[in-house]
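Q: The following block contains the structure, expressed as structure tokens.
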Amino acid sequence: MANDKKSIFSPVTAFKNLVKKPETVRYPAESNDAAKRYRGFHINDLEECIGCSTCQEVCVNDAISMVEMLDVPAEEGQRNERPQIDYGRCCWCGLCVDVCTTGSLEMSRDYSYIDLDPDTFIVTPDQHDINKVDHPLGYLRDENSDLLDLKRIDIEMLDPEARVDSFIEIVEGFSKEQAEKEASRCVECEICTDTCPANMNIPQYIRGIFDEELEESVQQIYEDNPLPEVCGRVCTHKCEGVCAISHRGEAVSIRWLKRYAVDNVDSADYKKILGTEKIEQNNKKIAVVGAGPAGLSAAHYLSVMGYQITVYEDKENAGGMMRYGIPEYRLPYDALDKDINYIKSLGVDFVFNTRVGEDITLDELHEQYDAVFAATGLHNGRSTRVPGTDNNNVYQAVNLLADIARGKEVPVTKNLVVIGGGNVAMDIARSMARLQMEKYGEVNITVTSLETEDIMPADQEEIEEAREEGIVFKPGRGPKEIEVNEDGSLAQLCTNCCVSVFDEEMNFNPTFDDSDIENYECDMVIEAIGQGGDNSYIDDQFEIEYAGPRIKINDFSQTSVDWLFAGGDIARGPDVINAIRTGHDAAVGIDKYLNDEL
Amino acid sequence: MDKSTQTEIFFGPNHPGVPGNYGIIYEFEGDTVTSAKANAGHLHRGFEKLMEERLWIKNTALVPRICVEEPDINEMVYAMGFEAIGEIEVPRRADYIRSIILELARIQGHIFSIGGNAAGIGQYTVMHWGTLTRDYILDIFEEITGARVYHIYIRPGGVRQDIEDETFDKILDLMDELENERFPDLEKTLFENPNAQKRWQGKAVITKEEAVEMGATGPVLRANGVPHDLRKMMPYAAYDDVEFEVPTYENGDAWDRIKIARDDMLQSIKIIRQLIQNIPDGPVQTDLGNGLKYKIPKGDAYVKIESKRGEYGYYMVSDGGLKPYRVHVRGASTPLGLYGVREFLPGTRIADVPVWAKSLGICPPEFDR
């Protein structure tokens with residue numbers, strides 16, 4: 001203690017402060033601006049925000065609630081809800097900014113708000129914060145503070161060289177680690193569920209994968225989709241297009257995750273997992289016409305409700321376009337059969353090689369069954385009807401694809417042109433590429449379409465993969481004529497430039513520029529410009545209402561004839577998942593109809 | 001005992017002589033304390049239970065609130081526990097930044113509590129100065145983290161954002177100012193003040209044996225000549241890369257504890273200068289994926305760091321889920337705040353009660369958790 005310096009005069013030095021300038025800032029007369037990163041009041045770009053509620057999810061104090069706002073857009077992939085912040089609870093941690101999927105939520109440098117009314121502390125921030133005046137931006141998320149996982153796990157795929165000479169499945173699927181990592185990227189906002197035509201419980205089944213509970217995933221999937229092996233491979237995955245993560249990063253690979261879940265659960269366990277070991281029968285009989293995705297979906301959901309189902313199919317096997325339209329390299333038959341065999345195992349009867357309208361009439365079905373679900377699809381290829389299409393070397397894509405599926409010999413020439421820009425055109429072009437490779441060791445296929453590449457209806461990844469396999473694209477070309485040699489063989493396809501595909505009202509009404517002509521040499525032309533259906537089995541007997549080219553149905557897939565329900569492509573297109581939805585709707589509708597609730 | 005001379009006083013929770021929202025029930029005989037009992041429970045925040053209900057990332061915003069005076073230590077031990085169970089590597093630059101933050105926090109905590117101690121003996125000028133000096137450090141924190149007190153900056157896997165070079169310059173300027181202007185003022189006004197010395201010297205003595213028995217660490221132990229400092233003994237963050245001394249004194253009284261706070265600040269300045277000079281380039285955060293889905297394997301860890309008041313630790317248990325299964329906070333002042341007052345205060349005169357209570361460095365939320 002003796003070594004501690006002390007002096008009664010030392011403290012007197014404090015008096016020097018009397019002549020110093022005060023250090024206190026006299027706010028608000030003197031401004032005291034917050035630092036650049038200051039976490040002040042929130043601001044939110046209401047146009048950019050999609051109402052995904054991830055901010056609410058991460059809020060440690062439950063300060064954020066989502067409130068409906070009718071004056072903000074609620075387009076596909078958005079909800080008209082926006083975050084409301086209770087500043088009585090908020091702790092300005094900024095985790096909401098770090099996790100914001102669109103980047104719309106930010107913070108200003110404003111830190112002071114005074115009001116006597118406590119209710120005014122609950123605000124829905126817009127471009128202005130609580131004080132409704134402009135303030136400089138404060139805390140901003142950067143790559144370190146970002147709480148989202150923006151990069152998707154690449155899925156293993158066969159190289160173009162390895163895949164182009166065989167029909168082996170291209171996509172190899174996720175490993176367990178990959179699937180769990182990919183599943184961890186989901187923020188469970190359910191924007192995807194809103195957009196999925198079947199409103200599948202997507203975040204829930206992804207969560208099952210993340211939690212290593214695949215049985216839970218399978219249960220969640222089968223709530224809305226009895227063809228998950230199919231959809232896990234070929235679904236048009238609208239969900240991924242709206243995935244909240246896709247606003248700042250890459251969408252979660254929802255489709256491949258679904259595939260992972262069902263690929264890794266043994267179908268022998270399905271009945272136990274899904275609780276369908278014993279189904280109580282209600283002794284009512286339903287006929288399903290067409291064993292495509294809609295028919296199978298209806299058959300599945302009706303049979304788990306206890307109905308006795310008979311499916312009539314004019315082909316020799318079930319699956320419809322899934323079997324006879326989609327090539328094996330995208331959807332292997334084993335995977336398709338896994339889904340179909342489970343539905344069969346529920347006690348659904350299939351009557352193959354029986355065409356309703358020829359072998360049995362719809363009226364007879366009506367007499368024998370309590371209700372009928374018709375989903376016969378679109379199986380007749382349309383022709384461009386340009387001169388030369390009547391030549392023997394001009395084929396329809398759907399017919400060729402069906403023959404390939406049946407294992408039949410199909411004509412393969414050295415120099416092919418495919419007309420069409422949709423997924424069917426991709427399927428036939430890529431299937432023929434494999435056959436060409438097998439036969440000639442090289443690929444020589446040109447795909448022409450009216451649409452330019454940016455508006456081609458085919459999936460972008462299909463186009464890219466086709467290109468990798470050596471297929472040449474000539475988009476924005478209109479077929480004018482197929483020139484035929486004197487000996488009957490094809491010479492070339494003449495095309496003109498397609499200036500526009502749709503008119504101002506967005507109706508299909510292409511216009512062409514004849515001064516821009518290109519000719520493509522070919523010895524075989526395949527048309528893949530769309531398909532039509534044959535509903536004569538209905539039309540011959542009943543007067544049924546149509547909505548445009550498709551049969552008119554209500555929310556329960558019921559047609560204007562009360563016992564007749566319709567789904568799939570004849571009622572609503574254009575893909576498997578929409579067909580599954582109409583089948584599911586029909587199952588619910590038929591149940592209501594037979595219980596006098598509809 | 002003559003009941004007419006006996007008084008029971010509820011001291012706190014809102015009283016300048018009590019550190020934070022907590023009370024001490026005293027019984028006095030005349031002006032001498034005959035019994036003292038800690039009265040916790042005024043905070044009711046239930047941090048430990050709340051943590052079990054919140055995602056790993058959400059807790060980063062909750063933990064700093066366990067100690068207002070020194071919030072960053074909570075962020076640090078929470079992140080360390082997560083990283084220990086999850087076996088997660090932290091980038092070296094993040095280690096340096098964490099150490100800089102922790103040392104800045106140590107200085108602002110010490111200067112704040114020196115002010116508090118001074119207020120306890122009526123030296124309010126020093127309390128105002130302490131608050132002001134602390135504010136200049138809070139300005140730095142605001143610039144680095146976006147917040148003044150609860151920074152929510154140290155995160156599992158690293159730190160939330162990088163520090164810009166100009167901020168480092170500002171830190172160095174402030175360190176110079178502290179060392180050359182503010183600390184000398186403090187020295188003159190407080191440490192050379194005979195009144196202050198008299199009030200603190202020989203008061204509130206806790207011996208080495210008592211400290212060890214009680215589980216008290218930090219300045220309490222160091223005031224008895226034990227150079228106990230986890231930064232040296234089991235270096236974490238970037239402390240193995242810096243040179244510094246552990247100040248110790250021999251008397252174990254309030255005066256020595258306050259001098260340790262002063263000396264500690266000078267060491268912190270030395271550490272900060274070294275860290276800023278040698279900070280490596282590189283990332284500041286390990287990519288841990290989606291913040292809503294942080295998941296670490298089953299396991300447990302006890303992690304501890306040297307807070308300004310001694311050993312500060314979390315015992316954390318993960319059941320492999322998205323939330324901690326259990327987090328137990330080992331607050332540095334828990335032993336003294338709850339049991340030390342009961343043990344040591346009887347026999348003290350009423351005027352010395354604030355000297356005792358303040359110099360123990362009690363932070364009530366550490367045991368009111």
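Q: Can you find a residue that is in contact (Cβ under 8 Å) with a residue 24 or more places away in the chain and under 20 Å from the mean Cα position of the chain (by Cα) anywhere in the stretch B:184-203?
A: No, the stretch B:184-203 has no match at all.
Q: Next question, about the same structure. So which of B:166, B:187, B:179 is within 11 Å of another protein chain (Cβ to nearest Cβ), surrounded by 15 or more Cβ atoms within 10 Å (Cβ to Cβ), assigned to a helix (DSSP H, G or I) and among the acidic types (Asp, Glu)?
A: Values: B:166 fails: surrounded by 15 or more Cβ atoms within 10 Å (Cβ to Cβ); B:179 fails: within 11 Å of another protein chain (Cβ to nearest Cβ).
After applying the criteria, what remains is B:187.
Q: Another question about this same structure. Can you name the helices (runs of 4 or more DSSP H) wholly within the stretch A:194-301 that have at least 3 residues being touching a residue at least 12 places away in the same chain (Cβ under 8 Å) and over 16 Å from residue A:179 (Cα atoms)?
A: Details: elements: A:202-210, A:214-222, A:228-234, A:238-242, A:254-263, A:270-274.
Because the criterion is at least 3 residues that are touching a residue at least 12 places away in the same chain (Cβ under 8 Å) and over 16 Å from residue A:179 (Cα atoms), the helices (runs of 4 or more DSSP H) in the stretch A:194-301 that meet it are A:214-222, A:228-234, A:238-242, A:270-274.
Q: Also, quick follow-up: Yes or no: residue A:317 polar (S, T, N, Q), in a helix (DSSP H, G or I) and within 30 Å of residue A:435 (Cα to Cα)? Reasoning before the result, please.
A: Working: polar (S, T, N, Q): yes; in a helix (DSSP H, G or I): no; within 30 Å of residue A:435 (Cα to Cα): yes.
No.
Q: Here's another thing I want to ask about it. Mind checking which residues of the stretch A:404-440 are surrounded by fewer than 24 Cβ atoms within 10 Å (Cβ to Cβ), under 30 Å from the mean Cα position of the chain (by Cα) and of a type in the set (D, E, K, R)?
A: Once the filter is applied, which keeps residues that are surrounded by fewer than 24 Cβ atoms within 10 Å (Cβ to Cβ), under 30 Å from the mean Cα position of the chain (by Cα) and of a type in the set (D, E, K, R), the stretch A:404-440 yields A:406, A:434.
Q: Of B:331, B:299, B:225, B:291, which residue is small (Gly, Ala, Ser) and either within 14 Å of chain A (Cβ to nearest Cβ) or under 21 Å from residue B:97 (Cβ atoms) (or both)?
A: Numbers: B:331 fails: either within 14 Å of chain A (Cβ to nearest Cβ) or under 21 Å from residue B:97 (Cβ atoms) (or both); B:299 fails: either within 14 Å of chain A (Cβ to nearest Cβ) or under 21 Å from residue B:97 (Cβ atoms) (or both); B:225 fails: either within 14 Å of chain A (Cβ to nearest Cβ) or under 21 Å from residue B:97 (Cβ atoms) (or both).
Exactly one residue qualifies, and that residue is B:291.
Q: While we're here: So residue B:35 ticks every box in (1) among the hydroxyl-bearing types (Ser, Thr, Tyr); (2) closer than 22 Å to residue B:237 by Cβ; (3) surrounded by fewer than 24 Cβ atoms within 10 Å (Cβ to Cβ) but one. Which box is left unticked?
A: Every listed condition holds for residue B:35 apart from (2).
Q: Have a look at A:401, A:378 and point out the one that is under 33 Å from the mean Cα position of the chain (by Cα) and not in a helix (DSSP H, G or I). If you could, list the steps in order and put the result at the bottom.
A: Values: A:401 fails: not in a helix (DSSP H, G or I).
That would be A:378, the only listed residue that is under 33 Å from the mean Cα position of the chain (by Cα) and not in a helix (DSSP H, G or I).
Q: Go over the candidates A:512, A:508 one by one and state the one that is of a type outside the set (Ser, Thr, Tyr), surrounded by 14 or more Cβ atoms within 10 Å (Cβ to Cβ), in the same structural domain as residue A:426 (by TED's automatic domain parsing) and modelled with pLDDT under 95. Give the derivation first.
A: Working: A:508 fails: surrounded by 14 or more Cβ atoms within 10 Å (Cβ to Cβ).
The conditions single out A:512.
Q: Which of the residues belonging to the stretch B:178-213 are closer than 16 Å to residue B:250 by Cβ and of a type in the set (D, E, K, R)?
A: B:203, B:208, B:209, B:210
Q: Provide a single number: the residues in the stretch A:162-187 that are assigned to a helix (DSSP H, G or I) and within 21 Å of residue A:208 (Cβ to Cβ). Please lay out each step first, then the result.
A: Pass one, the stretch A:162-187, residues assigned to a helix (DSSP H, G or I): A:162-163, A:176-183.
Then drop every residue that is not within 21 Å of residue A:208 (Cβ to Cβ), which leaves A:176-183.
Here the count works out to 8.
Q: Residue B:63 passes all but one of (1) modelled with pLDDT under 90; (2) β-branched (Val, Ile, Thr); (3) outside any loop (DSSP other than H, G, I, E, B); which number fails?
A: Of the numbered conditions (1) modelled with pLDDT under 90; (2) β-branched (Val, Ile, Thr); (3) outside any loop (DSSP other than H, G, I, E, B), the odd one out for residue B:63 is (1).
Q: What is the residue count in the stretch B:51-86 for residues that are buried (at least 22 other Cβ atoms within 10 Å of the Cβ) and charged (D, E, K, R)?
A: Counting residues in the stretch B:51-86 that are buried (at least 22 other Cβ atoms within 10 Å of the Cβ) and charged (D, E, K, R) gives 5.
Q: Here's another thing I want to ask about it. Given the criteria closer than 30 Å to residue A:330 by Cα and either touching a residue at least 40 places away in the same chain (Cβ under 8 Å) or charged (D, E, K, R) (or both), does residue A:105 qualify? Can you show your working first?
A: Numbers: closer than 30 Å to residue A:330 by Cα: no; either touching a residue at least 40 places away in the same chain (Cβ under 8 Å) or charged (D, E, K, R) (or both): yes.
Considered against the rule, which asks whether it is closer than 30 Å to residue A:330 by Cα and either touching a residue at least 40 places away in the same chain (Cβ under 8 Å) or charged (D, E, K, R) (or both), residue A:105 comes out as no.
Q: Okay, next question. Can you find a residue that is out of contact with any helix residue (DSSP H, G or I) (no Cβ under 8 Å at 6 or more places or on another chain), without any contact (Cβ under 8 Å) to a residue 24 or more places away in the chain, polar (S, T, N, Q) and over 30 Å from residue A:304 (Cα atoms) anywhere in the stretch A:385-394?
A: Of the residues in the stretch A:385-394, the ones out of contact with any helix residue (DSSP H, G or I) (no Cβ under 8 Å at 6 or more places or on another chain) are A:385-394.
Subset that is without any contact (Cβ under 8 Å) to a residue 24 or more places away in the chain: A:385, A:390.
Still in the list and also polar (S, T, N, Q): none.
Scanning the stretch A:385-394 turns up no residue that is out of contact with any helix residue (DSSP H, G or I) (no Cβ under 8 Å at 6 or more places or on another chain), without any contact (Cβ under 8 Å) to a residue 24 or more places away in the chain, polar (S, T, N, Q) and over 30 Å from residue A:304 (Cα atoms).
Q: Only one of B:54, B:45, B:98 is of a type in the set (Lys, Arg) and under 25 Å from residue B:244 (Cα atoms). Can you tell me which? Steps first, answer last, please.
A: On the way: B:54 fails: under 25 Å from residue B:244 (Cα atoms); B:45 fails: under 25 Å from residue B:244 (Cα atoms).
So the residue among B:54, B:45, B:98 that is of a type in the set (Lys, Arg) and under 25 Å from residue B:244 (Cα atoms) is B:98.
Q: For residues that are within 14 Å of chain B (Cβ to nearest Cβ), buried (at least 17 other Cβ atoms within 10 Å of the Cβ) and not hydroxyl-bearing (Ser, Thr, Tyr), tally how many sit in the stretch A:69-112.
A: Looking only at that region, the number is 15.
Q: Of the residues B:213, B:243, B:250, which is of a type in the set (Asp, Glu) and in a helix (DSSP H, G or I)?
A: Values: B:243 fails: in a helix (DSSP H, G or I); B:250 fails: in a helix (DSSP H, G or I).
So the residue among B:213, B:243, B:250 that is of a type in the set (Asp, Glu) and in a helix (DSSP H, G or I) is B:213.
Q: I'm trying to understand the selection: among the residues of the stretch A:441-500, which are among the hydroxyl-bearing types (Ser, Thr, Tyr), in contact (Cβ under 8 Å) with a residue 24 or more places away in the chain and surrounded by fewer than 19 Cβ atoms within 10 Å (Cβ to Cβ)? Step through it out loud before you land on a result.
A: Narrowing the stretch A:441-500 to residues among the hydroxyl-bearing types (Ser, Thr, Tyr): A:446, A:448-449, A:452, A:489, A:495, A:500.
With in contact (Cβ under 8 Å) with a residue 24 or more places away in the chain added as a condition, the list becomes A:446, A:448-449, A:452, A:489, A:495.
A:452, A:489, listed by residue number.
Q: List the pairs whose first member sits in the stretch A:139-155 and is closer than 16 Å to residue A:257 by Cα, whose second member is acidic (Asp, Glu) and surrounded by 20 or more Cβ atoms within 10 Å (Cβ to Cβ), and whose Cβ atoms are under 7 Å apart, counting only residues at least 6 apart or on separate chains?
A: Going by the 7 Å Cβ cut-off, the qualifying pairs are A:152/A:182; A:153/A:182.
Q: Hey, another quick one. Inspect the stretch B:333-353 for any residue being buried (at least 23 other Cβ atoms within 10 Å of the Cβ), under 19 Å from residue B:66 (Cα atoms) and modelled with pLDDT of 95 or more and give the result as yes or no.
A: No, the stretch B:333-353 has no match at all.
Q: Moving on. Taking the stretch B:38-83, which residues are within 12 Å of chain A (Cβ to nearest Cβ) and over 20 Å from the mean Cα position of the chain (by Cα)?
A: B:50, B:51, B:53, B:54, B:55, B:56, B:57, B:58
Q: Hey, can you tell me all the residues within the stretch A:1-45 that are polar (S, T, N, Q) and in contact (Cβ under 8 Å) with a residue 24 or more places away in the chain? Break it down into steps so the answer makes sense when it comes.
A: Going through the stretch A:1-45, the residues polar (S, T, N, Q) turn out to be A:3, A:7, A:10, A:13, A:17, A:24, A:31-32, A:44.
Answer for the stretch A:1-45, where residues must be polar (S, T, N, Q) and in contact (Cβ under 8 Å) with a residue 24 or more places away in the chain: just A:44.
Q: Mind checking which residues of the stretch A:247-266 are exposed (fewer than 15 other Cβ atoms within 10 Å of the Cβ) and more than 30 Å from residue A:103 (Cβ to Cβ)? Don't jump to the end; show me each part of the working.
A: Initially, the stretch A:247-266 is screened for residues exposed (fewer than 15 other Cβ atoms within 10 Å of the Cβ), giving A:248, A:266.
Passing the criteria: only A:266.
Q: Identify the residue in the stretch B:213-234 that is within 16 Å of residue B:333 (Cβ to Cβ), touching a helix residue (DSSP H, G or I) at 6+ places or on another chain (Cβ under 8 Å) and of a type in the set (A, V, I, L, M) and, among all such residues, is surrounded by the most Cβ atoms within 10 Å (Cβ to Cβ).
A: Applying the filter and picking the extreme gives B:220.
Q: On the given criteria, is residue B:106 within 12 Å of chain A (Cβ to nearest Cβ), touching a residue at least 60 places away in the same chain (Cβ under 8 Å) and among the charged types (D, E, K, R)?
A: Details: within 12 Å of chain A (Cβ to nearest Cβ): no; touching a residue at least 60 places away in the same chain (Cβ under 8 Å): yes; among the charged types (D, E, K, R): yes.
Answer is no for this residue.
Q: Of the numbered conditions (1) part of a helix (DSSP H, G or I); (2) in contact with a Leu (Cβ under 9 Å, 6 or more places away or on another chain), residue B:21 fails exactly one; give the number of that condition.
A: (1)
Q: Going by what's in this entry, would residue A:210 be described as surrounded by fewer than 20 Cβ atoms within 10 Å (Cβ to Cβ), hydrophobic (A, V, I, L, M, F, W, C) and either touching a Ser or Thr at 6+ places or on another chain (Cβ under 8 Å) or in the same structural domain as residue A:236 (by TED's automatic domain parsing) (or both)?
A: When the stated conditions are applied, residue A:210 does not pass them.
The values are calculated or read from the model by the stated rules, or taken from the named source; none is laboratory data. Note that the coordinates shown come from a computational prediction; the quantities given were computed from them, not determined experimentally. Glycine also receives a Cβ, built like all others from the backbone with ideal geometry; neighbour counts cover every protein chain displayed.
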